[in-house]
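Reading through the structure tokens given below for one structure.
Taken together, the values in this text are just the output of simple stated rules run on the coordinates, not laboratory data. In this text, all values refer to a predicted model and were calculated from it rather than measured experimentally. FYI the Cβ positions are ideal-geometry reconstructions off the backbone, even for glycines, and counts take in every protein chain you see.
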């Protein structure tokens, strides 16, 4: 089973002081701790991919109302949870994914959201067929 671990850092939400700006970079000691965790995932054969994300000030959001796309550039201060990065991992169970998440060297106020990835085989045959997964 594949799981995504979403890092929702407190500093992106305004926790631990002020909300970070577009030029935010994590401190070297935090990066070192995270690198050690990432190495453990690799050694265990669990890591599929990972990446960190720039602060929301450098991003954009496209919303749809009445099927019309609306673009919001940069920060949206109404966001209560902003993703700062992710790990895609391979595990035997949700419990195993939780155990990995508990080992992340997170800071006070950080949140890790764990979500299992949908596999095409999870869906009924008609959905698989609509996705082009089954031959006619």
Computed over segment 2-130: relative contact order in percent, which uses C-alpha pairs under 8 Å that are six or more apart: 43
With the crude spin-label approximation of a point 7 Å out along Cα→Cβ, what separation in nm comes out for residue 35 versus residue 128? 4.4
Please give the FRET efficiency for residue 108 paired with residue 62, using the beta carbon to beta carbon distance and R0 = 30 Å, rounded to the nearest 0.05. 0.40
Report D for the chain in µm² per second (integer): Stokes-Einstein, Kirkwood Rh on Cα pairs, 25 °C, 0.890 mPa s. 143
Per residue, the convex hull enclosing the alpha carbons of segment 51-123 has a volume in Å³ of 150
